[in-house]
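For reference, the structure is listed below as C-alpha cells.
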Amino acid sequence: MVRVYGADFSGAMNPKIFYAYGDLDGSRLTIKDYVVCDDRLDLYQAIVSLEVGIWGLDFPFSMPADALPILGFDNRDEMLDVVTRMTRKEFARFIDVSLPDYPRKCEGEHSLYCRATDVAVNAHSVFKTVNPNLRVMMYAGLKLIHYLSQHGVNVYPFGEYSAGQSNVHEIYPSYVWQKAGLKRSTDINRFIEQFNALGLVSVSCEFDTGAIDNQDLADSIVACVMMATAYVTQEMSRGWDYQLPIFTEDEWGWRSIEGLIVRF
C-alpha cells in the first residue's frame, strides 16, 4: 500500500491550496479525503509530518538551463539559495530585467524560455506572466521545495534519495484532463468515469464528489490520480536512476538542472 497525495498549488499572495490523499493498492487508488490549506505553510507542514508517501505538486521545480547564466547563476543550487532570500516583488523585478514575458506554450525545441520537460508535455513557459502568472508560482514553489529538501524530503529528481522520507514530484494536471478527453471542470464524477475507462488505474473516492464546486479542489484530486497513475504505469518504485519510459532523452539529459514533469 502506498499513500499518494496530490496538491493544486498557487503563487498568489492569498493562496487557495488544496491537497487530496488516498491509498494505492496495486492498481487501485482509493481517494480518502481532501484538505483545505489556509497558507503554503500548511502544505509544507503536511508534507513533512503526515504519513510518508508520494506527492504530486503542480508547479515548476526549476527553470530552463539556458536561463540560469542569463540571470547570473552558475547552477541550480545557487539559484535556489538566491531566490529564497528574495521577496516576491524583488523576484518579479529580477526576472523582468532579463527575460520578457513568454505567453506561449512550449512547442518545438528546448530553449531559454522552455525546459525540455515543458516541451514534452506542451506546457506553458515558466516565465509566463498571466492566467496564471507562472513566474510568481515558480517563486513560491522554489522556496517550498528548497525548504523541503533542507528538511530531508526527497525532491525528485534532484539530490540524493533518503529512505523513510516522502517524495515530492512535479506534475501537470492539465495533462490528465486531456488524457481523459475532457476540459478542466469541477465534474469529478465524469472525470473518474472517463479516466477509469482508460484502464490504467481504477479510481474511487470515499467522499461526495458531486458536491465539488471549486476548480482548485478538483485539480488536487486530478493531481492525486496523476501521481498514482505515473507510479504504477512507469514503475517508479524502481528508483530515481531509472529513466521512466515516458521521458524523452532530452528531458532525461537535463533533469539535474531543469527537473522532470512526472506523467504516464
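The values are calculated or read from the model by the stated rules, or taken from the named source; none is laboratory data. Everything numeric in this text was worked out from a predicted model, so none of it was measured. Every residue, glycine as well, gets a Cβ built from its backbone with ideal geometry; the counts of neighbours run over all protein chains shown.
Name, by its number, the condition in (1) over 23 Å from Asp241 (Cα atoms); (2) of a type in the set (Val, Ile, Thr); (3) more than 14 Å from the chain's Cα centre (by Cα); (4) in a helix (DSSP H, G or I) that does not hold for Val176.
Against the list (1) over 23 Å from Asp241 (Cα atoms); (2) of a type in the set (Val, Ile, Thr); (3) more than 14 Å from the chain's Cα centre (by Cα); (4) in a helix (DSSP H, G or I), Val176 comes up short only on (3).
Search segment 217-261 for residues being under 18 Å from Ile54 (Cβ atoms) and aromatic (Phe, Trp, Tyr), and hand back the single one that is surrounded by the fewest Cβ atoms within 10 Å (Cβ to Cβ).
Among those that are under 18 Å from Ile54 (Cβ atoms) and aromatic (Phe, Trp, Tyr), it is Tyr242.
Take the residues of segment 159-173 that are part of a loop (DSSP other than H, G, I, E, B) and in contact (Cβ under 8 Å) with a residue 40 or more places away in the chain: which is surrounded by the most Cβ atoms within 10 Å (Cβ to Cβ)?
Among them, the one singled out is Ile171.
I'd like to know if segment 93-101 contains one or more residues that are assigned by TED's automatic domain parsing to the domain that holds Val176, part of a helix (DSSP H, G or I) and over 18 Å from Gly259 (Cα atoms).
No, segment 93-101 has no match at all.
What is the residue count in segment 113-138 for residues that are in a loop (DSSP other than H, G, I, E, B) and either closer than 18 Å to Leu80 by Cα or aromatic (Phe, Trp, Tyr) (or both)?
The number of residues fulfilling the criteria is 4.
Which one is farthest from Ala223 (Cα to Cα) among residues in segment 2-39 that are modelled with pLDDT of 95 or more and not in a strand (DSSP E or B)?
Residue satisfying both the conditions and the ranking: Gly26.
For segment 107-139, give me each residue that is in contact (Cβ under 8 Å) with a residue 60 or more places away in the chain, closer than 23 Å to Glu90 by Cβ and surrounded by fewer than 21 Cβ atoms within 10 Å (Cβ to Cβ).
Within segment 107-139, Pro132, Asn133, Val136, Met137 qualify.
Within segment 74-92, restricting attention to residues that are in a helix (DSSP H, G or I) and among the β-branched types (Val, Ile, Thr), which residue is surrounded by the fewest Cβ atoms within 10 Å (Cβ to Cβ)?
Filtering first and then ranking leaves Val82.
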